[in-house]
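Below you'll find the structure, written out as structure tokens, and then a few comments.
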Amino acid sequence: MIGSYFKTSGRGLLRNKLFSSINVVGLAISMSVGLLLIAFVLDLRSYDKFHKHGKRIYRITNVATFKGEQGSSKYSSTSIKTGQLIREKVTGVEEVAILRNDFLQDATVGDNVLPIKGFWAEPSLFRMFTFPMLEGNPETALKDPYSVVLTETAAKKLFGNGPALGKAVKFDTLDYQVTGIIKDVPFFSHISFEALVSLSTAQQLNKNDREFGKWANMFSNSVYLMLPENANLAAIHTQLDAIANKENLAEEQTNIQLELLPLHDIVIGEDLHSGSMSGSVNPHMPPIVLWILSGLAFVVILSACFNYTNLSIARATRRFKEIGLRKAIGARKGQIWQQFLAEAILISLAALVLSYFIFLTLRPQLINIAPQMQRTVKLDLTPTTVAAFVFFSVTVGVIAGVMPALFFSKVSAIHALGNVSSVKVFKNVTLRRALVVVQYTVTLIFITTTAVGYVQYKNILALDLGFNTENILNIDMQGNKPEALLKQLQEMPEVTALSRSLIITAVGNAWGGHMKYKDSQDSALVMTNHIDENYLSLHNYKLLAGENFVTRPTTAEAASEVIVNQQVLKWFNLGDPQEAIGKQVMFSSFRIKDRKMKIVGVIKDFHYGKVDNLIEPVAFMFWTPEDRAVINAKIQSADMPATMAKIESGWKKIDRIHPFKAKFYDEEIEDAYSEFSTIIKIIGFLSILAISIASMGLFGMVVFTTETRLKEIGIRKVMGASSGSLVFLLSRGFVVLLSMSALIAIPATYLFFESFVLTNFPYHTPVQIAELSAGLLVVSLIACIMIGSQTMKAARSNPVEILKSH
């Protein structure tokens, strides 16, 4: 019987090639989005599943509250002391593994030099995680100081095909012994590295650093726990709270609480601040993003399902004889329902074949849409993925066919020739009209959201940051001293100005500490940057009072001057800019302890962080050779590629190992907001699909409407009706439906942006009428072409031929 259903359905689809093609193509386009989403989610769900004990592994999360800062922040990092205290005091924990993620050095073997990224780690790492060791003893490989474990690929790069175990590798000026070789880390691992160095080495190298083992030094370490099966998490949390409460008593500036995060919730889970200073940044996707993408994909698929429902019900009068005959010879309601459901599933399976080829075309486009995407997913086909695709196709067929199946199964044999187009969902609104309105409302929301989002994104990039970024090239010195490159740049006529800084501001980088004024107990978290004497003039900061740095200290301890912005004055009530000059403030950070600093200058407020943050208190301190260096070069060139090649050639003279890392400031800012451009590209892509699917559905409906009204058109033409009046008559209903969609979609989009999206951007520009109208104009133009072409064709037809054939 099932075979007969599919055979009958196949014949029916071949008889109605136009409507079948519209349904297959529409479903295929929309289903390709679903296939991409399925592959995307399956990839994200694959992370860390290769670990044998993965379900029992948790990472410690720090919930930190800083004095002078409102609210708390969650960090994926914690302190080394946290791991040590858990190992000593918490019962019910099988293993504790501490990782320190600031290992990024050059490995030297003979004449072979290779940059290596990795972690400082403990032997317990191999007991907890499944990183198979090919050579060496996992229990002792990371026990002794100056021991290093290499991945298989890293070992081959350093030692070729020769043996690596037991050999020496030089990092900086020290020799490390290779004590183990492990398999390369799988792609779907949130921990990515080329080498693991014994944590005891880091402890020995930092034995004179008083901050290294402190409770609040939480920005470069990760602690993982492995718990027994059916562990009492509440009891573990109670013990963690006891540790935190005791340690917080000795902290003046920071209050920290500890939480457990399951290993399999790290990649798809809550968005946390990263404490990573170097090495690999963890891949991460907030669940809300997946929900949004799933919702958007579902809406696009639903639009294609609406097409199927609309066209199926529109063709109802042509299938009533078939239904009536089936029921007259004994077919039950369930059998009629199964027949039409089988027809929908058959179309969906046909669409799956086409959507698979669309998926293969779109896959590289999605992976290359952002650099982070390339490091996060592969979208390869696996047996699980193929099975998910087939299940998805059948599900879409059921969704598309359920309403037509129910519609036709309720038709009685007696009333098979009745007019069922009057089935209502709401008063005076037929089912088909309601679906058209919903479909075009969604399409308008998609395209209007894209237009508004794009304009807001461009406004963010063009926002006045309070300083100049044009033609400024930021060169990361990657640990090299800047003097040699500065000398070369000074000799280039294209380079008009140079400065040095610790970080690049306005792109999300942060460096800061706490500032106090006089003997006040209140302190404020103040963001900082270390700059030289040329930085302010090169970037055109506006100095409101005072002057540039007077002294030129060569060590961090000698720095005694600070330049602040207006927000610092407001926080500490220092009066106007002129009154603040010469006043003393106290500054503390992890590197600086209670140092008195004199305010020598006040600059106008500017955006230190991204524009989704309010402008905050900022202090500039003098750059010293101990600091990380970024060279800021002002470029004026008629041939920018040639100038960049010349600068890169200069870089290679001082560093042949590390690749040249430099970007123009404006490119840095674009990269900082790449997640917004990615979202806009995805929504824009879905908008095009939604418009295409809705247009195909509208085309099918117009063709069907004109075909069913050809006799009426012929009679009206004989009675003297003009082509223009006939076009108006035939298109009026569709224009009304599009107008209803616009009245719903435009206010909804406006409220969505003004009430939800733009509230996160305190410096946004208001949504304009032109942006809201863009979607309506595009959709209206396409609809007019669809409606006009078919209605004009019908209106211009020969009435004699029409009446003769009908």
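Assorted remarks:
- Count - residues of the stretch 167-190 that are closer than 13 Å to Val109 by Cα and touching a Gly at 6+ places or on another chain (Cβ under 9 Å): 2
- Meets criteria (without any contact (Cβ under 8 Å) to a residue 60 or more places away in the chain, surrounded by fewer than 17 Cβ atoms within 10 Å (Cβ to Cβ) and more than 19 Å from Ile460 (Cα to Cα)) for Glu648: yes
- Being surrounded by fewer than 20 Cβ atoms within 10 Å (Cβ to Cβ) and either touching a residue at least 40 places away in the same chain (Cβ under 8 Å) or within 32 Å of the chain's Cα centre (by Cα) (or both) is a description that does not apply to Ala506.
- Residues of the stretch 62-89 satisfying the condition of being farther than 17 Å from Phe119 by Cα, at pLDDT below 95 and in contact with a Leu (Cβ under 7 Å, 6 or more places away or on another chain): Asn62, Phe66, Gly68, Glu69, Lys74, Tyr75
Residue-wise test of (1) touching a Gly at 6+ places or on another chain (Cβ under 6 Å); (2) over 26 Å from Glu547 (Cβ atoms); (3) of a type outside the set (A, V, I, L, M, F, W, C).
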| site | (1), (2), (3) |
| --- | --- |
| Asp476 | no, yes, yes |
| Pro482 | no, no, yes |
| Gln488 | yes, yes, yes |
| Glu494 | no, yes, yes |
| Met515 | no, no, no |
| Ala524 | yes, no, no |
| Asn534 | no, no, yes |
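- Criterion (among the aliphatic types (A, V, I, L, M), within 32 Å of the chain's Cα centre (by Cα), assigned to a helix (DSSP H, G or I) and surrounded by 16 or more Cβ atoms within 10 Å (Cβ to Cβ)) met by exactly one of Leu302, Leu225: Leu302
- Selected residue [buried (at least 22 other Cβ atoms within 10 Å of the Cβ) and either hydroxyl-bearing (Ser, Thr, Tyr) or modelled with pLDDT of 95 or more (or both)] from Tyr535, Tyr541: Tyr535
- Restricted to helices (runs of 4 or more DSSP H) entirely inside the stretch 514-607, those with at least 1 residues that are under 30 Å from Leu473 (Cα atoms) and of a type outside the set (D, E, K, R) are 535-538, 566-572.
- Check on Ile746, in the same structural domain as Thr450 (by TED's automatic domain parsing), of a type outside the set (Gly, Ala, Ser) and farther than 30 Å from Asp605 by Cβ: yes
- Which numbered condition Ile693 fails, given (1) over 26 Å from Val452 (Cβ atoms); (2) crowded, with 16+ Cβ neighbours inside 10 Å: (1)
- The condition of being of a type in the set (Phe, Trp, Tyr) and free of Cβ contacts under 8 Å to residues at least 60 places away in the same chain holds for only one of Phe159, Phe219, that being Phe159.
- Subset of the stretch 549-566 (residues that are surrounded by fewer than 19 Cβ atoms within 10 Å (Cβ to Cβ) and not charged (D, E, K, R)): Val550, Thr551, Pro553, Thr554, Thr555, Ala556, Ala558, Ser560
- Residue in the stretch 377-385 that is surrounded by fewer than 16 Cβ atoms within 10 Å (Cβ to Cβ) and among the basic types (Lys, Arg) present: yes
- Yes/no for Arg59 being at negative phi and buried (at least 20 other Cβ atoms within 10 Å of the Cβ): yes
- Taken as a whole, the structure leaves Pro659 outside the set of residues that are part of a helix (DSSP H, G or I) and under 35 Å from the mean Cα position of the chain (by Cα).
- Condition met for Thr153 (exposed (fewer than 14 other Cβ atoms within 10 Å of the Cβ) and polar (S, T, N, Q)): yes
- The residue that is modelled with the lowest pLDDT, among those in the stretch 671-723 that are hydroxyl-bearing (Ser, Thr, Tyr) and closer than 21 Å to Ile445 by Cβ, is Ser695.
- Residue in the stretch 180-191 that is over 22 Å from Lys81 (Cα atoms) and more than 32 Å from the chain's Cα centre (by Cα) present: yes
- Verdict on Gly720 being exposed (fewer than 15 other Cβ atoms within 10 Å of the Cβ) and of a type outside the set (A, V, I, L, M, F, W, C): yes
- Looking only at residues in the stretch 92-114 that are out of contact with any helix residue (DSSP H, G or I) (no Cβ under 7 Å at 6 or more places or on another chain) and either of a type in the set (S, T, N, Q) or without any contact (Cβ under 8 Å) to a residue 40 or more places away in the chain (or both), the one that is nearest to Tyr176 (Cα to Cα) is Thr108.
- Remark: pairs (first residue in the stretch 460-489, touching a residue at least 24 places away in the same chain (Cβ under 8 Å) and under 18 Å from Pro659 (Cα atoms); second residue of a type outside the set (Asp, Glu) and assigned to a loop (DSSP other than H, G, I, E, B); Cβ separation under 6 Å; 6+ apart in sequence or on different chains) = Asn474/Ile504; Asp476/Lys661; Met477/Ala629; Gln478/His658; Pro482/Ala629.
The values are calculated or read from the model by the stated rules, or taken from the named source; none is laboratory data. Quantities reported herein were computed from a predicted structural model and do not represent experimental measurements. All Cβ positions, even for glycine, are placed from backbone atoms using ideal geometry, and neighbour counts span all protein chains on display.
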